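The values are calculated or read from the model by the stated rules, or taken from the named source; none is laboratory data. From a predicted model like this one, the values you see are computed outputs, not experimental measurements. Don't worry about glycine lacking a Cβ; one is built from the backbone with ideal geometry, like all the others, and counts go over all protein chains shown. Remember, those area values only see protein heavy atoms, side chains included, never the ligands or the DNA or RNA. Shrake-Rupley method; radii C 1.70, N 1.55, O 1.52, S 1.80 Å.
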Amino acid sequence: MAEQSGPVTAPNERSGESPGAGAMAGLFWIDRDGCWLGAPAGAEGTGVRLTPEGLTPVGLPAADAVSWTATEQVTVPDAPARSSFRRGLSLALDVAMNMAGFGGPDGGHGMTVCVTHTDGRSEYPVLSAAAPAYTEREVELSEQLLARFVAGELSPSVLTEWWRSDGPRSTPKPQEREAVLERLLKQPKRP
């Protein structure tokens, strides 16, 4: 059974790709318009967009963007993470429940993006882009990548650059997503 990797919408005639199509790599959702921590906000949801300048909360009243220079730490302590065995077992149970008429997988797990910044601490609710969960290694690698963004060693643009070169043609499986994150973490510090 194929793993769900995120929302896909009707094809865009100009480019041949879906306007909402993207790819997940760890805790990040990447598409041609940029990068999100968790799933994109959608029409009525909340989300956190990552830009080279910082984090931009979307769909939250009175939530201001936070620059990377003002950010001290970014964590997602409640990201749904499971071992490969538990992920497979959960997916099998979802399929069996759906076949038995008891419904299928839910629409997404909620997560909290916690940002410690010079003015205090902010928490933003987002949805997970993973169904049913991320691997434990994906979460670990994503946190390492976030730490490099905060330290100014890398920019979220490394994710959008990856997507522009590889992402539109693929829906990476968990091990492939881990490999993408590992490769991005090996990039040299930006000047």
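Numbers at a glance
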item: Residue pairs meeting the criteria (Cβ under 8 Å; at least 6 apart or on separate chains; first open to solvent by less than 40 Å² (accessible area, probe 1.4 Å), in the stretch 175-191; second part of a loop (DSSP other than H, G, I, E, B) and among the charged types (D, E, K, R)); result: VAL180/ASP166
item: Of all residues in the stretch 157-189 being part of a loop (DSSP other than H, G, I, E, B) and not small (Gly, Ala, Ser), the one that is farthest from THR75 (Cα to Cα); result: ASP166
item: In the stretch 140-156, residue farthest from ARG82 (Cα to Cα) [restricted to those that are part of a loop (DSSP other than H, G, I, E, B) and without any contact (Cβ under 8 Å) to a residue 40 or more places away in the chain]; result: GLU153
item: In the stretch 46-72, the residues that are in contact (Cβ under 8 Å) with a residue 24 or more places away in the chain, polar (S, T, N, Q) and either within 22 Å of SER128 (Cβ to Cβ) or surrounded by 19 or more Cβ atoms within 10 Å (Cβ to Cβ) (or both); result: THR46, THR51, THR71
item: ALA63 being in contact with a strand residue (DSSP E or B) (Cβ under 6 Å, 6 or more places away or on another chain) and more than 19 Å from HIS109 (Cβ to Cβ); result: yes
